[in-house]
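The values are calculated or read from the model by the stated rules, or taken from the named source; none is laboratory data. None of the values given here were measured: they were computed from a predicted structure. With ideal geometry, Cβ positions are generated from the backbone for all residues, glycine too; neighbour counts draw on all protein chains shown. Side chains included, ligands, DNA and RNA excluded: accessible areas come from the protein's heavy atoms. Shrake-Rupley method; radii C 1.70, N 1.55, O 1.52, S 1.80 Å.
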Amino acid sequence: MKWRGNRQSDNVEDRRGISGGQVAVGGGIIGIIVLLLNVFGGDNAKMLTPVLEQMQQNQQQSAPTQQVELTPEQKELGEFAKTVFAYTEDTWHKIFEENGMTYEEPKMVLFTGQVQTACGGATSASGPFYCPGDHKVYMDLDFFEELRTRFGAKGGDFAIAYVIAHEVGHHIQTLLGTSNKVRQLQSGRSEAEANKLSVCLELQADFYAGVWARYNQQYIEEGDIEEALSAANAVGDDAIQSRMQGQVVPESFTHGTSEQRIKWFTKGYKTGDIKQGDTFAEELD
């Protein structure tokens with residue numbers, strides 16, 4: 001992806017290097033188990049995740065906090081993330097203006113190990129996420145190496161761009177009231193029904209990521225879209241469940257299948273029209 005020499009966002013807080021000895025522990029096997037349980041959902045996840053997170057926390061607390069100098073590669077990755085975030089700002093300002101609305105910019109926090117948010121404490125095991133409570137995207141950039149080595153994605157800088165755009169998509173849903181409406185609809189429903197609504201929300205964020213890519217074609221290079229599709233394929237619920245537990249449990253899906261995630265990113269990229277992203281109408285039909 002073309003990014004060098006372009007504007008970097010002022011809405012990024014880089015907290016990397018502050019976690020010190022917690023970094024290595026936060027990316028360990030316990031963290032991976034927590035991440036997978038969060039993706040799978042279900043009763044077993046509810047019971048086991050708090051226990052594993054406490055184990056991880058105990059390990060992290062035993063390591064002293066210290067300032068760590070970022071490597072040149074880490075610094076460059078941070079600059080790339082700031083540039084991509086600036087691209088999302090420019091794009092969504094334009095789209096909102098085209099639709100008679102005003103875009104409120106989110107912020108992004110780069111961290112390693114663990115982080116405190118308005119949605120509570122989180123560790124790198126959570127993967128990238130958006131907190132509606134403070135309108136911030138939280139990114140542990142080490143996640144993308146895990147995405148490549150453990151989940152089979154191609155990797156590459158546009159895989160990172162896709163994930164950032166996906167998380168900003170959740171911010172769009174917050175601004176438009178979609179997220180709040182989904183939470184209201186989930187109340188009182190069965191776990192399987194609530195999960196279906198979560199899938200639609202995630203697929204719409206993938207759609208918005210595709211729309212963003214459409215608006216940024218001038219920065220896209222050969223192979224970039226394939227990197228995004230490879231990442232979407234790798235994090236499909238069915239792909240992760242099949243790889244990690246040898247079976248697929250559709251009623252526990254919370255993010256969508258690989259096919260669905262690829263489908264909605266591609267639709268966003270091909271149309272560039274946010275009005276065509278009603279995943280709820282299509283997927284719940």
**Q.** Residue that is nearest to residue 168 (Cα to Cα), among those in region 79-116 that are in contact with a Lys or Arg (Cβ under 8 Å, 6 or more places away or on another chain) and at pLDDT below 95
**A.** 111
Q) Do the conditions hold for residue 162, that is, is it crowded, with 24+ Cβ neighbours inside 10 Å, in contact (Cβ under 8 Å) with a residue 40 or more places away in the chain and touching a helix residue (DSSP H, G or I) at 6+ places or on another chain (Cβ under 7 Å)? A) yes
Q. Among the residues of region 213-223, is there at least one that is more than 21 Å from residue 274 (Cβ to Cβ), small (Gly, Ala, Ser) and open to solvent by 50 Å² or more (accessible area, probe 1.4 Å)?
A. no
Q. How many residues does region 239-262 hold that are closer than 19 Å to residue 148 by Cβ, modelled with pLDDT under 90 and not polar (S, T, N, Q)?
A. 4
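Yes/no per residue for (1) over 16 Å from residue 106 (Cα atoms); (2) small (Gly, Ala, Ser):
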residue	(1), (2)
157	yes, no
166	no, no
181	yes, no
185	yes, no
200	yes, no
225	yes, no
228	yes, yes
Q | Enumerated helices (runs of 4 or more DSSP H) restricted to region 224-285, each holding at least 3 residues that are open to solvent by 30 Å² or more (accessible area, probe 1.4 Å) and among the hydroxyl-bearing types (Ser, Thr, Tyr) | A | 258-271
